[in-house]
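Mind having a look at this structure? Questions to follow.
The values are calculated or read from the model by the stated rules, or taken from the named source; none is laboratory data. This one's a predicted model, so the numbers in the text were calculated from it and none came from an experiment. All Cβ positions, glycine included, derive from the backbone under ideal geometry; neighbour counts span all protein chains shown. Surface areas here come from the heavy atoms of the whole protein model, side chains and all, with no ligands, DNA or RNA. Shrake-Rupley method; radii C 1.70, N 1.55, O 1.52, S 1.80 Å.
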Amino acid sequence: QLQLVESGGGLVQPGGSLRLSCAASGNIFGIKSMGWYRQAPGKQREFVAAIIGGGYANYADSVKGRFTISRDGAKNTVYLQMNSLRPEDTAIYYCNVQEVFRSSWGQGTQVTVSS
């Protein structure tokens, strides 16, 4: 079983920055991609960003130019640098890891953007 530990969420003012981290541990069977999703109150979970082994990254239109995803392969850790945060970015952020045979989710970390 894969364990995912997220950190870095919190309360920030509009225009501020946060950096999320997600470390994977356990029996890892070939990570295909690592990414982030988010779920705001009353809304469905939505894709935010993902990165594959070759370093190619994909972003939701709503975060392009503001968020940057990166990965440390040696540490099996994925990061999400979030800049120019907006109130509409408020949500629980979930880490997702796609391996060859399974998809795993973190427990979620709360990000609140408010003045």
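Among the numbered criteria (1) open to solvent by 60 Å² or more (accessible area, probe 1.4 Å); (2) closer than 23 Å to Gln44 by Cα; (3) charged (D, E, K, R), which one does Arg66 miss?
(1)
Could you say whether any residue in the range 95-102 is over 17 Å from Gly8 (Cα atoms), touching a helix residue (DSSP H, G or I) at 6+ places or on another chain (Cβ under 8 Å), buried (at least 18 other Cβ atoms within 10 Å of the Cβ) and modelled with pLDDT of 95 or more?
no
Residues in the range 83-94 that are open to solvent by less than 40 Å² (accessible area, probe 1.4 Å) and either in contact with a helix residue (DSSP H, G or I) (Cβ under 7 Å, 6 or more places away or on another chain) or of a type in the set (Val, Ile, Thr) (or both): how many?
The qualifying residues number 1.
So if I check each of Gly73, Gly106, which one is in contact with a Phe, Trp or Tyr (Cβ under 6 Å, 6 or more places away or on another chain) and open to solvent by less than 60 Å² (accessible area, probe 1.4 Å)?
None of the other options fit; the residue is Gly106.
To continue, here is another question. Can you say whether Arg45 is in contact (Cβ under 8 Å) with a residue 24 or more places away in the chain, surrounded by 14 or more Cβ atoms within 10 Å (Cβ to Cβ) and among the basic types (Lys, Arg), as far as the supplied structure shows?
yes
Inside the range 11-32, can you point out the residues that are surrounded by 13 or more Cβ atoms within 10 Å (Cβ to Cβ), at pLDDT 95 or above and in a strand (DSSP E or B)?
Within the range 11-32, Val12, Leu18, Arg19, Leu20, Ser21, Cys22, Ala23 qualify.
Tally time: how many residues in the range 1-50 are touching a Cys at 6+ places or on another chain (Cβ under 9 Å) and of a type in the set (Ser, Thr, Tyr)?
3
Among (1) within 17 Å of Gln81 (Cα to Cα); (2) open to solvent by less than 30 Å² (accessible area, probe 1.4 Å), which single condition is Leu4 missing?
For Leu4, the failing item is (1).
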